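Take a look at the structure below.
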Amino acid sequence: MTITHYKQLLLDNKISTKELIQDLYTKSQKYKHLNTIISNNYETFISNCSNGDIPIALKDNFCITNAITTAASQMLKNYVSPITATVYDRLNKNLNCISVCKANMDEFAMGSSGKTSFFGPTLSPWKNNAGVYMSPGGSSSGSAAALASGLCLASLGTDTGGSVRQPAAWCGLVGFKPTYGALSRFGIIDYASDLDTPAIFTHTVEDCILMFQNMIGRDNNDYTTVDVPKASSPKKKVVIIKKLESDKTIQANIEESAKFFEAKGYEIKEAYFSFIDYVVPIYYILSCSGASSNLARYNGVLYNNEVSLNELNDIFAKTRGEFFGEEVQRRLIMGNYSMYSGHVDGFYNKARRILHNMWLEVQNILKDADFIIMPTTPGIGMTAEESKTDNPIKMYLTDIYTCFVNLLGLPAVNIPVELCPDHGTPLGIQLVANVLEDHSLLSHANILDKHFNFYNKNSLLQRKIV
Amino acid sequence: MEMTNFDVGLEVHVQLNTNSKLFSESKVDDSGMANSRVKYFDLGLPGMLPKLNEGVIEKSILLGKALNCSINEYSRFDRKHYYYPDLPLSFQITQFYYPICEHGYIELKSGKRIQIRRIHIETDAGKMIHEGGLSLIDYNRCGVPLLEVVTEPDIQNIEEATQFVKELILLLKAVNVCNCNMEHGNIRIDVNLSIRNHDGSLGVRSEIKNLNSLKFMCDAIEAEYKRQKNSVETLTQTTRGFNTIKKTTFLMRDKEDCFDYKYVPDFNIPPLHIDREYIDSITLPELPGHRRKKLSEYLHYESVDVLVNNIELYNFFQKACNNVNNRQLVANLLITDLVSLCKKAEIEVYNCNVTEEHLRDLTIEIENKKITSTTAKIILEEIFNNGKSVKEIIKEKGLSMISDINEIEKIIKQVISQNTNKWQKFTSGEDKLLKFFIGKCMQISGGKIHYDSIIDILFKIKNTVII
């Protein structure tokens, strides 16, 4: 059920919050095998909720007091934070949201399928026409899968390179990544400080707008936050990016969306991304460097001080080798490599220089347009088996259309459009706007979402498959 | 061993005396139990973000201006990564690429200028203590704001190094950015030393870290010079510590072990854009150099030194000089007499019975020839012990100067008649006996005859006799 529908039912006295949470709890037991949840609070809230509370899931890198926040890593398996993430605190106070569960994720948000979690991979509730479980995508795998299975009414994730938009596309959900700085990162476990963005999963854009409005505003605890200005009047122009390879059904939906806005008097402009071939390497150089910096603190002194050896460097190395998973170690090494003084100029600094040119190019495209319509992912999704591939590059490449958004700090949203005719699994498309145009982006996305009406027509919940 | 042909550059880490830390609201003070001044960000807890203490910017600009630096409108914070238990984040936040101040100098008393390459803001790390086979970590110091003052290798002997640090401390006190207590670790010095190559170019340098007293700095310079001079192997760039007991430097790491700090910007702290207007609005108080010049116009250099080096004495002196003509007299009474009285009694000058007004009154009485310098000392001691005003004591003890020439002659003639032998010798040319006769006159008169008057009349009598 959507938040909007839930609020109506509450008004009409057709449901109580307690009943709802009871249902969600029962469902969470039924779908335990999907492994979407790391820890949960259903039972506590069944006895302790207020009528009107909105049950949501939080990706397990959002800190809450009196709860364990693990980032799906053995390094933090017992970590209890003394602070609560600002965005959840605001949702709790402004909208009566309650966190009924901490969702599974890729370890430290590094992954695109959920399989790098210390607690095991997450399965999507979606199965393809052959009956095979799909991968929910990642790194916010559990947040997406839990919402798609109906274990909560909305969920929060983080989007550093596409980690909310990609799983949203693969799970048939709305996945909105705001402008960098629009939402506070205080209380969210750091991956890459210049790219991390708290982001929202909902069934409809209408729900997303409600959530977003109750989370925004500068935070004194996060000096990188900004106020999002009111929506400006539309420029009545949308942009299609040519030469982006993707599945033909996705292309068709992009064209349909363009025509939809054209019918409303919008001009359609075409443009090209000259940088699309290097965006994945640039993203991985910069995000892995960020990770290498932010994860350096986990060295066995304050966290996981179980390793006892005589040499300091041995303690550091052994702790990190033992308590970080393989993908995390891979990215830390890549990050270190990019930053070493011998090659920092060829990797890290070069990436930053190219980034500057990318910014200019995209500004030129967006300067007189409302938004870009493009694919969220090149492909239609992977099965859970396929996602277990030994080839990390294959997974990195699923970020190709989402990561430039993080590199430039832009707002973007995945809208679910229809089911893939060959496989019966969800497809999504992506709208991308210029910085701080979040409200205008969401209001356009809302119109498009209502046009495709994926939730009512195709969601597992409405079709009573879950 | 004579130390020649070497160059020293210093990196001085100065702990700022702000109320809170650089990026968190923890209190900064030297007291407090271990781990009682730590907030979540200092510990590097995940999800915690830095909040810039803007007071640090003002203090940085003050010090930059006092050191004649240019203040950069744009500067930025970077991360310097290394692993150590007293560094919870495993990186220090510093300003590697764009420091806040650059290109300044400190002028030594000799007139030589030691150039300042840069001043940048950074965080301090915690403290490790090794006790009973355990390594204990106190995080109180984590995140304390530091200013690092980096010089060019302009220092060429130990005396210059000492003068530089002393002058820097005077400046730090003048602009009030540091408590300057070296025993508490408020100031720590790293020494970079190299011996010149034969062709006159700078030699291979070594860095000696963490010297927390002037004496250790000087000893370390000497020890390292000796080591480099006596080294048979080719010198390599090393980072060293100083063993204060053995007085030698020891290897901490060499170029091979050289740690790569992987400097990248800290994105959680937006870059600093400081208004030129704001920079210009920050005014400096009177600096030691200027004060020194000013005082030298009317004071002896030894007095100038004492007053420039001690702010409390200077303030006392300034007040006591109100309406006084001969400020050297005030300085003498203060520095020679009052200070030693206070030292003996183990109290501070501003806590004793003698006030600035007392010194002023005394000086005016001397200027007006009501008392002599000798009686002034007696009066001063009386005030120190028992309070009361200058005029009261002069009256009570009858300490007014004897200015009647006849009376003075009488006293002098009395001394002469009691010391005829010596008088004979004096009149025959033993001029050194002058002191003896002055002393005796002072003794008999209780110091109430002006020194000049004694000499005048003594010579009058001597010459008259001859004639």
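Since B:LEU433 meets every condition but one in (1) in contact with a helix residue (DSSP H, G or I) (Cβ under 7 Å, 6 or more places away or on another chain); (2) touching a residue at least 12 places away in the same chain (Cβ under 8 Å); (3) in a helix (DSSP H, G or I), which condition does it not meet? Evaluating B:LEU433 over (1) in contact with a helix residue (DSSP H, G or I) (Cβ under 7 Å, 6 or more places away or on another chain); (2) touching a residue at least 12 places away in the same chain (Cβ under 8 Å); (3) in a helix (DSSP H, G or I) leaves (2) as the failure. Here segment A:419-466 is the region considered, the condition is being aliphatic (A, V, I, L, M) and closer than 15 Å to A:SER124 by Cβ, and the residue that is surrounded by the fewest Cβ atoms within 10 Å (Cβ to Cβ) is A:ILE465.
Being more than 14 Å from chain A (Cβ to nearest Cβ) and in a loop (DSSP other than H, G, I, E, B) holds for only one residue in B:GLY111, B:GLY44, and it is B:GLY111. Consider segment B:234-283 and keep the residues that are of a type in the set (Ser, Thr, Tyr) and within 14 Å of chain A (Cβ to nearest Cβ). The one that is farthest from A:SER287 (Cα to Cα) is B:TYR261.
Return yes or no: is B:GLY203 surrounded by 14 or more Cβ atoms within 10 Å (Cβ to Cβ), part of a loop (DSSP other than H, G, I, E, B) and away from chain A (no Cβ under 14 Å)? Spelling it out, B:GLY203 is indeed surrounded by 14 or more Cβ atoms within 10 Å (Cβ to Cβ), part of a loop (DSSP other than H, G, I, E, B) and away from chain A (no Cβ under 14 Å).
Among the residues of segment B:73-100, those that are within 8 Å of chain A (Cβ to nearest Cβ) and part of a loop (DSSP other than H, G, I, E, B) comprise B:TYR83, B:TYR84, B:PRO85, B:PRO88, B:LEU89, B:SER90. For segment A:235-248, the tally of residues that are in contact with a Pro (Cβ under 7 Å, 6 or more places away or on another chain) and buried (at least 17 other Cβ atoms within 10 Å of the Cβ) stands at 2. The criterion of at least 1 residues that are at pLDDT 95 or above and over 14 Å from the mean Cα position of the chain (by Cα) is met, among strands (runs of 3 or more DSSP E) falling completely within segment B:123-193, by B:145-151. For residues that are more than 23 Å from the chain's Cα centre (by Cα), touching a residue at least 12 places away in the same chain (Cβ under 8 Å) and part of a strand (DSSP E or B), scanning just segment B:6-41, find the one that is farthest from the other protein chains (Cβ to nearest Cβ). It comes out as B:PHE6. When restricted to residues that are touching an Asp or Glu at 6+ places or on another chain (Cβ under 8 Å), surrounded by 24 or more Cβ atoms within 10 Å (Cβ to Cβ) and touching a residue at least 60 places away in the same chain (Cβ under 8 Å), segment A:118-138 contains 1. Scanning segment A:73-86 for residues that are buried (at least 22 other Cβ atoms within 10 Å of the Cβ) and in contact with a Ser or Thr (Cβ under 6 Å, 6 or more places away or on another chain), we see that the one that is farthest from the other protein chains (Cβ to nearest Cβ) is A:THR86.
The listed residues are A:TYR396, A:TYR401, and the only one of them that is modelled with pLDDT under 95, closer than 12 Å to A:GLY161 by Cα and of a type in the set (Ser, Thr, Tyr) turns out to be A:TYR396. Is it fair to say A:ASN299 is without any contact (Cβ under 8 Å) to a residue 60 or more places away in the chain, facing another protein chain (nearest Cβ under 9 Å), surrounded by 21 or more Cβ atoms within 10 Å (Cβ to Cβ) and polar (S, T, N, Q)? Criteria met by A:ASN299. Would it be correct to say that B:ASN68 is among the polar types (S, T, N, Q), over 24 Å from A:ASN313 (Cβ atoms) and either away from chain A (no Cβ under 14 Å) or free of Cβ contacts under 8 Å to residues at least 60 places away in the same chain (or both)? Here the answer is yes, as B:ASN68 does meet what is asked.
Quickly run through segment A:63-100 and pick out the residues that are touching a Phe, Trp or Tyr at 6+ places or on another chain (Cβ under 8 Å) and farther than 20 Å from A:ASP196 by Cβ. Those that are touching a Phe, Trp or Tyr at 6+ places or on another chain (Cβ under 8 Å) and farther than 20 Å from A:ASP196 by Cβ: A:ILE68, A:GLN74, A:LYS77, A:PRO82, A:CYS97, A:ILE98, A:VAL100. Of all positions in segment B:266-286, at least one carries a residue that is over 22 Å from B:VAL177 (Cα atoms), touching a helix residue (DSSP H, G or I) at 6+ places or on another chain (Cβ under 9 Å) and acidic (Asp, Glu). Specify which of the listed residues (B:ILE416, B:ILE408, B:ILE438) is aliphatic (A, V, I, L, M), closer than 26 Å to B:ASN368 by Cα, outside any loop (DSSP other than H, G, I, E, B) and touching a residue at least 40 places away in the same chain (Cβ under 8 Å). Just one listed residue meets the conditions, B:ILE408.
Only residues that are surrounded by 24 or more Cβ atoms within 10 Å (Cβ to Cβ) and either assigned to a loop (DSSP other than H, G, I, E, B) or free of Cβ contacts under 8 Å to residues at least 60 places away in the same chain (or both) were counted across segment A:398-418, and they come to 4. Set side by side, the residues A:ILE56, A:ILE38 differ, and just one is assigned to a strand (DSSP E or B) and out of contact with any Leu (no Cβ under 9 Å at 6 or more places or on another chain), which is A:ILE38.
Restricting to segment B:313-368, name every residue that is closer than 19 Å to B:HIS450 by Cα and not in a helix (DSSP H, G or I). B:ASN325, B:ASN326, B:ASN368, listed by residue number. For segment B:50-65, taking the residues that are of a type in the set (Gly, Ala, Ser) and crowded, with 18+ Cβ neighbours inside 10 Å, the one that is nearest to the other protein chains (Cβ to nearest Cβ) is identified as B:SER60. Applying the criterion of being touching a strand residue (DSSP E or B) at 6+ places or on another chain (Cβ under 6 Å) and either within 21 Å of A:ASN414 (Cβ to Cβ) or β-branched (Val, Ile, Thr) (or both) to the residues of segment A:186-197, the residue that is nearest to the other protein chains (Cβ to nearest Cβ) is A:ILE188. Please determine, by comparing only the residues of segment A:218-234 that are more than 14 Å from every other protein chain (Cβ to nearest Cβ) and surrounded by 17 or more Cβ atoms within 10 Å (Cβ to Cβ), which one is modelled with the lowest pLDDT. So, considering only residues that are more than 14 Å from every other protein chain (Cβ to nearest Cβ) and surrounded by 17 or more Cβ atoms within 10 Å (Cβ to Cβ), the one modelled with the lowest pLDDT is A:PRO234.
Note on segment A:13-29: residues that are farther than 11 Å from A:GLY150 by Cα, among the charged types (D, E, K, R) and free of Cβ contacts under 8 Å to residues at least 24 places away in the same chain amount to 2. A:THR70 falls short on exactly one of the conditions (1) buried (at least 22 other Cβ atoms within 10 Å of the Cβ); (2) within 11 Å of another protein chain (Cβ to nearest Cβ); (3) farther than 17 Å from A:THR36 by Cβ, and that condition is (3). For segment B:25-82, filtering for residues that are modelled with pLDDT under 95 and of a type in the set (Asp, Glu) leaves 5.
Is it the case that segment A:355-378 has a residue that's under 22 Å from A:GLY172 (Cβ atoms) and surrounded by fewer than 19 Cβ atoms within 10 Å (Cβ to Cβ)? Yes; the residues of segment A:355-378 include at least one that is under 22 Å from A:GLY172 (Cβ atoms) and surrounded by fewer than 19 Cβ atoms within 10 Å (Cβ to Cβ).
Does at least one position in segment B:251-268 carry a residue that is buried (at least 16 other Cβ atoms within 10 Å of the Cβ), under 30 Å from A:ARG185 (Cα atoms) and of a type in the set (S, T, N, Q)? The answer is yes; a qualifying residue exists.
The values are calculated or read from the model by the stated rules, or taken from the named source; none is laboratory data. Keep in mind that this is a model prediction, so the values were computed, not measured. Quick reminder, even Gly has a Cβ in these numbers, built from the backbone with ideal geometry, and neighbours come from all protein chains shown.
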